[in-house]
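Below is one structure, written out as structure tokens, with a few remarks after it.
The values are calculated or read from the model by the stated rules, or taken from the named source; none is laboratory data. In this text, all values refer to a predicted model and were calculated from it rather than measured experimentally. Using ideal geometry, Cβ is built from the backbone for each residue, glycine included, and neighbour counts are taken over all protein chains shown.
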Amino acid sequence: MLYAIFYKEWIKTRLYYIIAGILMIGFACYAGLYLNRLDDLAGARKLWEYFLMKNDSQITILEFVPLIVAIGGAVVQFAPEMNRKCLKLTLHLPYNALKTVGAMMFYGVAVLLLCSVVSFSVLHFSMSGILPEEIRSKILQTSVPWFLSGICGYLLTVWVVLQPVWKKRILQIILSVFVIKMFFITVTPGAYTPEIWIFVVLTLMTAVLSVISLNDFKEGKQD
Amino acid sequence: MVKTAKIFLWFLIAVVCLWQLPYIWNFLSAKQQTTPFVLYSSVAGDFTIRRSVDNNSSWALVTGEKLTRPEYDSLLPEYFAKQLASENRLPDTILSKPVSLKFLTDENISFRIKPEALFGPSIPLYQMLEGASGRVDLEMPPDVFRITDSKMEFINKDDNKVNEDKSTLFTEALKNADFAFPAAEVAGNPTVKKKYDNGFLIVDSKERLFNLKMVKGNPVLKRISVPLGITPKHCLVTEFNGKHSLGLFFDTKNCLYVIALPDNRVLKVEIPPVDLLEEEMTVMGNAFTWTIRIKNDEKITWYAVDSQDFKLLKTYTETSGESYLKGLSFEKNGWIDLGWR
């Protein structure tokens, strides 16, 4: 059954995720290439001095990419289910409704994680020849909350999309905006690192919010 | 499951409210703050205050005695030497000491220490400038160094490779001076916007203080003798034009000390301990006195100390006047640090 759900989700979202995945990895490639071009054009000395004295990561072009890709992914995956009332059919399958939606969300998170890991690795390897470990690690640490915001943004978007009542949906969007803002408070390299566990827990916990929307949907609540 | 989800939802709502509502309140209720500019006058033997309200300035002594702008300038000849010289009012002597325009301007110093500069995120790589390159202007070095658990390592910026010869040379110098790896604190000013280089102040793992410089490519290492009972913690290298000090350091009790040149004597600055995590320190000094401003959320205190022996001369305090509603905050000193402030 799980395999069938994953397959169904793949059929539904493959075009989006292939394009969005290429886009996200493409941005990571561009950020890496940009650093390499700076190294070539400005010189390694200037580049190192910049990182040591300016507290900047030079990869802020990536900042909102994981979030945008994730929100798009959640909408592409769940909005048709709501519009075409397919979710009602899915929930009538002889399988636990929570597990069904959970599997759908697991699929989305897994694909986003894959894109994030590939993008992160691209970034890591693109810098390895030109920058020392200390600078590289600070730049990579800067990107961690951005990738995490993607997962969190996906889970919050699912929560919003699954909500059948528009009034509640608007309140959920407002709350989600503030929750997402927590991942973008500062772009200082490494600033999130000591307390990144809080944001990991927050991201994991947002997965349970969809249960509320699902419950409202099952109870047939409407505007 | 629904109950858990609802509890988490209300938790999130509470977090967002505690974070955003005080912020919105403070944003909307904020008023223009006019922090007075206070300097100690060696001539008057007291603090002078300049206040600016709606682009109108007023000058006075802390005793309340009002001053005109020319009177104010003449009470602070160290800071307004150029203005006084242009009006032919620069005194020949201050406190019986002969002075000149060059002497006064050369001796002026100012610097600020913010908590985020000491405790904020930073990259543990340092740039050691050549102290005697033979050139008038300083140049940024072609390498950076790190201090590991067992050695000092220089990495070439051009090829990102360790310079083994230089690393061995400096590591041996440190080992010969009984330096205990790793370093607990490394402080320097890696900039060419200074007239000379005092190198780095380094605290080793046994809490001993060293000064490391590079002269013609070779390490010059000096152990700074610190009086018993003082444990250096946060250091700052000073490269003032007057060349009277090597640097400053705060000890584990947050007391401030100056390392005076030429003999690297450690002198205590007679001000109360500074809460480095919460307070901002600004120093404006001249040949005779330093005015040290310590600012926190509640008050601003100015201390006047003698610039030779750093004995306390006078103190002046004002409440900061910045009242704000506390709330949940995500950021402190450059870090993401969840707290109620």
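Yes/no per residue for (1) closer than 24 Å to B:P121 by Cα; (2) at pLDDT 95 or above:
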position: A:N55; (1), (2): yes, no
position: A:F78; (1), (2): no, no
position: A:N83; (1), (2): no, no
position: A:C86; (1), (2): no, no
position: A:A110; (1), (2): no, yes
position: A:V118; (1), (2): no, yes
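For region B:325-341, does any single residue satisfy the condition of being out of contact with any helix residue (DSSP H, G or I) (no Cβ under 9 Å at 6 or more places or on another chain) and surrounded by fewer than 16 Cβ atoms within 10 Å (Cβ to Cβ)?
Taking region B:325-341 and keeping what is out of contact with any helix residue (DSSP H, G or I) (no Cβ under 9 Å at 6 or more places or on another chain), we get B:331, B:339, B:341.
Adding the requirement that they be surrounded by fewer than 16 Cβ atoms within 10 Å (Cβ to Cβ) leaves B:339, B:341.
Scanning region B:325-341, I find at least one residue that is out of contact with any helix residue (DSSP H, G or I) (no Cβ under 9 Å at 6 or more places or on another chain) and surrounded by fewer than 16 Cβ atoms within 10 Å (Cβ to Cβ), so the answer is yes.
Pick out the one residue from A:L131, A:L155 that is under 19 Å from A:I196 (Cα atoms), crowded, with 19+ Cβ neighbours inside 10 Å, of a type outside the set (V, I, T) and out of contact with any Lys or Arg (no Cβ under 7 Å at 6 or more places or on another chain). So that I can check it myself, show each step before the final result.
Numbers: A:L131 fails: under 19 Å from A:I196 (Cα atoms).
Answer to the check: A:L155.
Filter region A:138-176 down to residues that are of a type in the set (K, R) and more than 12 Å from every other protein chain (Cβ to nearest Cβ) and give me whichever is nearest to A:M105 (Cα to Cα).
Step one: of region A:138-176, the residues of a type in the set (K, R) are A:138, A:167-169.
Now narrow it down to the ones that are more than 12 Å from every other protein chain (Cβ to nearest Cβ): A:167, A:169.
Numbers: A:K167: 24, A:R169: 18 Å.
Restricting to residues being of a type in the set (K, R) and more than 12 Å from every other protein chain (Cβ to nearest Cβ), the top hit is A:R169.
What residue, of B:K166, B:K175, B:K222, B:K243, is part of a strand (DSSP E or B) and surrounded by 14 or more Cβ atoms within 10 Å (Cβ to Cβ)?
Result: B:K222 is the single residue among B:K166, B:K175, B:K222, B:K243 that is part of a strand (DSSP E or B) and surrounded by 14 or more Cβ atoms within 10 Å (Cβ to Cβ).
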| Which pairs have Cβ atoms under 9 Å, sit 6 or more apart or on different chains, and link a residue in region A:37-51 that is closer than 18 Å to B:I123 by Cβ and more than 10 Å from chain B (Cβ to nearest Cβ) to one that is buried (at least 16 other Cβ atoms within 10 Å of the Cβ) and of a type in the set (S, T, N, Q)? | A:L38/A:Q58; A:Y50/A:Q58
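Only one of these is within 19 Å of B:K195 (Cα to Cα), among the hydrophobic types (A, V, I, L, M, F, W, C) and modelled with pLDDT under 95: B:L90, B:L104. Name it.
On the way: B:L90 fails: within 19 Å of B:K195 (Cα to Cα).
After ruling out the rest, the residue left standing is B:L104.
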| query | Regarding B:D197, is this residue of a type in the set (D, E, K, R) and in contact with an Asp or Glu (Cβ under 8 Å, 6 or more places away or on another chain)? | reply | yes
| task | Could you run through region A:98-118 and say how many residues are surrounded by fewer than 17 Cβ atoms within 10 Å (Cβ to Cβ) and farther than 30 Å from A:Q141 by Cβ? | result | 2
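Might you check whether a residue that is among the aromatic types (F, W, Y) and either away from every other protein chain (no Cβ under 14 Å) or closer than 17 Å to B:G285 by Cβ (or both) occurs anywhere in region B:5-20? Let's see the steps before the verdict.
First, pick out the residues of region B:5-20 that are among the aromatic types (F, W, Y): B:8, B:10-11, B:19.
Of the ones still in play, those that are also either away from every other protein chain (no Cβ under 14 Å) or closer than 17 Å to B:G285 by Cβ (or both) are none.
There is no residue in region B:5-20 that is among the aromatic types (F, W, Y) and either away from every other protein chain (no Cβ under 14 Å) or closer than 17 Å to B:G285 by Cβ (or both).
State which residue is nearest to B:I292 (Cα to Cα) when the search covers only region B:246-265 and only residues that are buried (at least 19 other Cβ atoms within 10 Å of the Cβ) and not aromatic (F, W, Y).
First pass over region B:246-265, keeping only residues buried (at least 19 other Cβ atoms within 10 Å of the Cβ): B:246-251, B:256-259.
Of the ones still in play, those that are also not aromatic (F, W, Y) are B:246-248, B:251, B:256, B:258-259.
Values: B:L246: 18, B:G247: 16, B:L248: 13, B:D251: 18, B:L256: 11, B:V258: 13, B:I259: 17 Å.
This residue is B:L256.
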| message | Of the conditions (1) more than 30 Å from B:L328 (Cα to Cα); (2) surrounded by 12 or more Cβ atoms within 10 Å (Cβ to Cβ), B:W25 satisfies every one except a single condition; which number is it? | response | (1)
| Does region B:196-204 contain any residue that is under 17 Å from B:D263 (Cα atoms), aromatic (F, W, Y) and buried (at least 16 other Cβ atoms within 10 Å of the Cβ)? | yes
| note | B:T63 meets each of (1) over 23 Å from B:L248 (Cα atoms); (2) touching a His at 6+ places or on another chain (Cβ under 8 Å) with one exception, condition (2)
| message | Between B:L256, B:L228, B:L261, which is at pLDDT 95 or above and in the same structural domain as B:F170 (by TED's automatic domain parsing)? | response | B:L256
| task | Take region A:177-197 and flag every residue that is closer than 18 Å to A:A207 by Cβ, in contact with a Phe, Trp or Tyr (Cβ under 7 Å, 6 or more places away or on another chain) and either exposed (fewer than 14 other Cβ atoms within 10 Å of the Cβ) or facing chain B (nearest Cβ under 7 Å) (or both). | result | A:M182
| What are the pairs, 6+ residues apart or on separate chains, where a residue within region B:29-58 that is at pLDDT below 90 has its Cβ under 8 Å from a residue that is buried (at least 17 other Cβ atoms within 10 Å of the Cβ)? | B:T35/B:I300
| query | Could we say that A:D56 is in a loop (DSSP other than H, G, I, E, B), surrounded by fewer than 19 Cβ atoms within 10 Å (Cβ to Cβ), within 14 Å of another protein chain (Cβ to nearest Cβ) and out of contact with any Asp or Glu (no Cβ under 7 Å at 6 or more places or on another chain) here? | reply | yes
| task | Residue by residue through region B:246-277, note down the ones that are more than 14 Å from the chain's Cα centre (by Cα) and not in a strand (DSSP E or B). | result | B:T252, B:K253, B:L261, B:P262, B:D263, B:N264, B:E270, B:I271, B:P272, B:P273
| said: Every residue in region B:297-319 that is exposed (fewer than 14 other Cβ atoms within 10 Å of the Cβ) and part of a loop (DSSP other than H, G, I, E, B), please. | reply: B:D297, B:E298, B:Q308, B:D309, B:K311
| request: Mind listing whichever residues of region B:178-219 are touching a residue at least 40 places away in the same chain (Cβ under 8 Å), acidic (D, E) and in a strand (DSSP E or B)? | output: B:E185
